[in-house]
Amino acid sequence: MYQEQTFVKYVRNPELCTNCQFCTTVVSCPSPQRCIGCSSCYLACPYEAIEPIKDNSPRKTIRIYVDGKEFHVPEFITVKKALELVGFTFTKFPEKDKFFSPCETGGCYACAMIIDGELKPTCHTPVRDGMTIITDISSREPLRIVKGFQPHPVGGVGTPWWVKRKGHYIEVACFAAGCNLRCPQCQNYHITYDSVTPPMTPKEAAKMLTYYRRKYGVDRMAISGGEPTLNRRWLIEFFRELKRLNPDKKARLHLDTNTTLLTPDYIDELIETGVTDIGADLKALRLETFMFITGITDKNLAKKYLETSWKAVKYIVDNYYPDKVFLGIGIPYNKAFYPTLDEIYETGREIAELDPNIQVVVLDYRPEFRRRNIEYPTVEEMLKVKRILEDAGLNVVIVQTRIGHIGPGNIKY
Ligand code: FES
C-alpha cells in the first residue's frame, strides 16, 4: 500500500500567461480533464506561468498490475508516480536495477514501459483502473520523439571546421526531444519540450536521415537535441541502423551531446556502433556556473553531470581522438554566465592540457526561453573570448557570432 501524501497539480497563472499556446501546441497534456501532476507544461512554459499547487481533492484507489502483481494506487497520477508509491525507484543518472527518467516531459521515452500493451512514457501517462504495466521492454523496439530532419550549411560542434563550404550543405541532422538539463536559456526549447510529435523507432529515424543524406548529397549525418543520449538503447540502435544503411567509408556519424551521461562504457558502445564525430557541449568548468547555466538545482546531481562530462572528453581524447573519432568541444557563452572571464581562461587551459589542437566552438547564447533578459553577445565580445582561449593555449577556436562563424586565422565562414 502507498502512504497517504499530498499531491500536486499545475495551474495557469493568468497574470503571467501570454497566451503563447506553447503548453498546448508543443506539450501534449496527457490528462486534460484533470491534472495528473506530470509537470510537463510547468517545465516547458517559457514564461513560467504555470504553477504547482497542493491537490487534496478526493481520489479513489484503483488497481494496477505491474509485471503481473497487483497494487493499489490513487487515481489521477502518472504511472511513474504510481510505481514510486509502490516502491520502484527512478533516477536522474542511470543506475543498475533502477528506472531512469531523465527528461520528465514525455520526449525521451527512457522511462517507457509496456502499458496496456503499448510502449508509453511512464512520466507522461495517467494510471487507470485495471492497467497492466510490464517493466521489461526488451521485446519491443524502443521509441523516441525525433524531428527537424533537415540539411545544414554549417554543422555543429562536432563538425570539423575545415569541411565547411560556404553556401553548401555539409550535413543532415535530426533532433531528439527531451533533455536532462533545465537550461533557463535553452536554445532549442521547441524541440526539447516536444511531447506532441509521434515517436519514431531507431530504424525509422535512421531511414529518414539516410533519405536526407541522399537527397542533399552530403556524407555527414548528425543527431542533436534536446539530448540524444538519454535513451541509450534507442541511440545505439539508431546508429547501428544508420551504419547499416550507410556502409561507405565517406559516411560520418555525428553525435552532438551535453556529455553529462557519457560514461566510458557508453562511449565505447557508441564508437563500436559506428559513431565517428562527437560534439561535446560542456556547459561549464565550475560547479556554480554549471548550475546557473543548466538550471540544475540539486547540487549532487549537478556535480555528477559535470564530472561525467569532463571525464567523457578526457576518455575520448585518451582512447579515440583523433584517429578513430573527431572531437569538438562546445562552450556556451553569454556575459550573464561569467562575471569575469577568468573561468573562460581556465576552461581553455583545461582543454589545452588534454590536447591544444582540439576544436573548440564557443556558442553565442542568445536570449531565449526563460532568460529573455540577457543580451545577445556582440561580435566583439565573442572575438575577445576567442583571444582568451587562444591565450590559454588552444589552437583551433571558432566563435559562433551573429555574422557567422569565425575560425582559426579569423576566417569567417
Ligand atoms: S523521462 Fe519520461 S519521457 Fe523522458
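The values are calculated or read from the model by the stated rules, or taken from the named source; none is laboratory data. Remember, it's a predicted structure, so these values are computed and weren't measured experimentally. Every residue, glycine among them, receives a Cβ derived from its backbone with ideal geometry; neighbour counts consider all protein chains shown.
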When every residue in region 382-404 that is assigned to a strand (DSSP E or B) and either without any contact (Cβ under 8 Å) to a residue 12 or more places away in the chain or out of contact with any helix residue (DSSP H, G or I) (no Cβ under 7 Å at 6 or more places or on another chain) (or both) is compared, the one surrounded by the fewest Cβ atoms within 10 Å (Cβ to Cβ) is G404
Based on what the data block shows, is D265 in contact with a Pro (Cβ under 9 Å, 6 or more places away or on another chain), at pLDDT 95 or above and among the acidic types (D, E)? no
Name the residues in region 216-272 that are within 12 Å of A312 (Cβ to Cβ), within 11 Å of the chain's Cα centre (by Cα) and of a type in the set (A, V, I, L, M, F, W, C), would you? L261
Selection count where residues are within 23 Å of V325 (Cα to Cα) and either hydrophobic (A, V, I, L, M, F, W, C) or not assigned by TED's automatic domain parsing to the domain that holds H190 (or both), scope region 359-388: 4
Residues that are in contact with a Gly (Cβ under 8 Å, 6 or more places away or on another chain) and more than 16 Å from the ligand (Cβ to nearest atom), at least 3 per element: which strands (runs of 3 or more DSSP E) completely within region 42-110 meet that? 61-66
Residue among T25, T18 that alone is closer than 27 Å to P198 by Cβ and exposed (fewer than 12 other Cβ atoms within 10 Å of the Cβ): T25
Condition set in a loop (DSSP other than H, G, I, E, B) and without any contact (Cβ under 8 Å) to a residue 40 or more places away in the chain, scope region 299-330, selection surrounded by the most Cβ atoms within 10 Å (Cβ to Cβ): answer is Y321
Between residues in region 220-239 that are touching a residue at least 40 places away in the same chain (Cβ under 8 Å) and residues that are acidic (D, E) and within 12 Å of the ligand (Cβ to nearest atom), which pairs lie under 9 Å by C-beta distance while being six or more apart or on different chains? G226/D194
Of the candidates G130, G87, G107, G68, the one satisfying the condition of being of a type in the set (G, A, S) and within 14 Å of C38 (Cβ to Cβ) is G107
Exception for S40 within (1) in contact with a strand residue (DSSP E or B) (Cβ under 8 Å, 6 or more places away or on another chain); (2) surrounded by 16 or more Cβ atoms within 10 Å (Cβ to Cβ) falls at (1)
Evaluate region 195-202: report whether one residue or more is closer than 30 Å to K412 by Cβ and either touching a Ser or Thr at 6+ places or on another chain (Cβ under 7 Å) or hydrophobic (A, V, I, L, M, F, W, C) (or both). no
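Out of T263, T229, T210, which single residue is within 16 Å of the ligand (Cβ to nearest atom) and either at positive phi or in the same structural domain as G158 (by TED's automatic domain parsing) (or both)?
Details: T263 fails: within 16 Å of the ligand (Cβ to nearest atom); T210 fails: within 16 Å of the ligand (Cβ to nearest atom).
Selected residue: T229, the only one of T263, T229, T210 that is within 16 Å of the ligand (Cβ to nearest atom) and either at positive phi or in the same structural domain as G158 (by TED's automatic domain parsing) (or both).
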Give me a count of the residues in region 143-153 that are outside any strand (DSSP E or B) and under 18 Å from L253 (Cβ atoms). 0
Selection from region 334-345 of residues part of a helix (DSSP H, G or I) and either modelled with pLDDT under 95 or under 13 Å from F290 (Cβ atoms) (or both) yields E343
Pairs, please: C-beta under 8 Å, at least 6 apart or cross-chain, first residue more than 18 Å from Y42 (Cβ to Cβ) and in region 121-133, second of a type in the set (S, T, Y) and surrounded by fewer than 24 Cβ atoms within 10 Å (Cβ to Cβ)? G130/Y65; M131/Y65; T132/Y65; I133/Y65
Those residues of region 111-140 which are touching a helix residue (DSSP H, G or I) at 6+ places or on another chain (Cβ under 7 Å) and in a loop (DSSP other than H, G, I, E, B), in sequence order: C111, T125, V127
